[in-house]
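Written out below as structure tokens is the structure these notes cover.
The values are calculated or read from the model by the stated rules, or taken from the named source; none is laboratory data. None of the values given here were measured: they were computed from a predicted structure. Here the Cβ positions follow ideal geometry from the backbone for every residue, glycine too, while neighbour counts run over all protein chains shown. The accessibility values were calculated without ligands, DNA or RNA, using every heavy atom of the protein model including side chains. Shrake-Rupley method; radii C 1.70, N 1.55, O 1.52, S 1.80 Å.
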Amino acid sequence: MNVATALDAREQFLGCEYCGMVSIAPEASAAATLQLRCPRCNSRLHARKPRSVQRTWAYLIASMVLYVPANLLPIMTTTNVFRNNTYTIAGGIGELWTDKAFGLAAIVFIASIVVPLLKIVSLGLLLWTARHAPRWRQLDRARLYRIVEMVGHWSMLDVYVVVLLAGMVRFGQLAAIHPEPGLLAFASVVILTMLATRSFDPRLIWQEPQRRG
């Protein structure tokens with residue numbers, strides 16, 4: 001298949017985002033006035049996700065705003081008969097490091113601080129290059145998107161740990177664990193970055209540069 005045939009195929013067929021079925025698209029002029037649906041699952045068919053860039057930027061900016069309180073506010077408080085201890089994400093990592101749980105501290109540091117930050121930076125790069133440098137390292141950008149999509153759910157590690165601990169450590173007045181506002185902010189960052197990843201259309205990586213008159 002030569003380049004011209006590949007371009008024609010790309011313009012004539014639409015793949016369903018949900019079931020994967022490929023459908024033949026009508027002429028561009030007719031497609032603009034129709035609401036195309038998948039004949040198998042009846043989902044809407046789009047050559048590009050509607051308002052992908054705008055929605056991705058909205059989710060990404062919201063996650064950047066919440067990233068600061070997520071790391072500054074406490075995520076949990078431990079209570080026992082002797083004292084109360086409040087922990088931020090960094091404080092919890094420091095406590096694990098002090099207790100010589102180096103492996104666990106490294107896992108929490110990567111999952112809770114490094115991964116969300118890299119996701120934000122990576123999605124910002126993908127959005128910027130889609131608009132300003134569409135031909136720059138396209139294959140590498142496609143790989144980057146797949147990595148971001150794959151590792152996103154691991155950022156929920158802290159949330160899972162605190163929720164499990166809060167449910168398990170209940171000894172009346174002797175000991176308890178209480179979630180704090182920082183946990184909600186952190187969970188919001190993770191969810192927003194997952195939504196941003198989902199709303200970004202990776203086909204934008206392969207789009208042709210727009211001609212400027």
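Do any trypsin sites (Lys or Arg not before Pro) in the range 88-132 lie in a DSSP loop with no more than 11 other beta carbon atoms within 10 Å, and if so, which?
Hits after loop and neighbour filter: Lys100.
What's the Kirkwood radius of the range 55-107 in Å, using all Cα pairs?
Kirkwood hydrodynamic radius for the range 55-107: 13.0 Å.
Over the alpha-carbon set of the range 78-142, work out the extent along each principal axis and list the three values in angstrom, largest first.
If we take the Cα atoms of the range 78-142, the spans are 61, 21, 12 Å.
Just by accessible area at a 1.4 angstrom probe, what is the order of Met64, Met76, Met150 from largest to smallest?
Met150, Met64, Met76
Once the whole set of protein chains is in place, how much accessible area is left on Trp128, using a 1.4 Å probe, in Å² to the nearest 10?
Using a 1.4 Å probe on the heavy atoms, I get roughly 130 Å².
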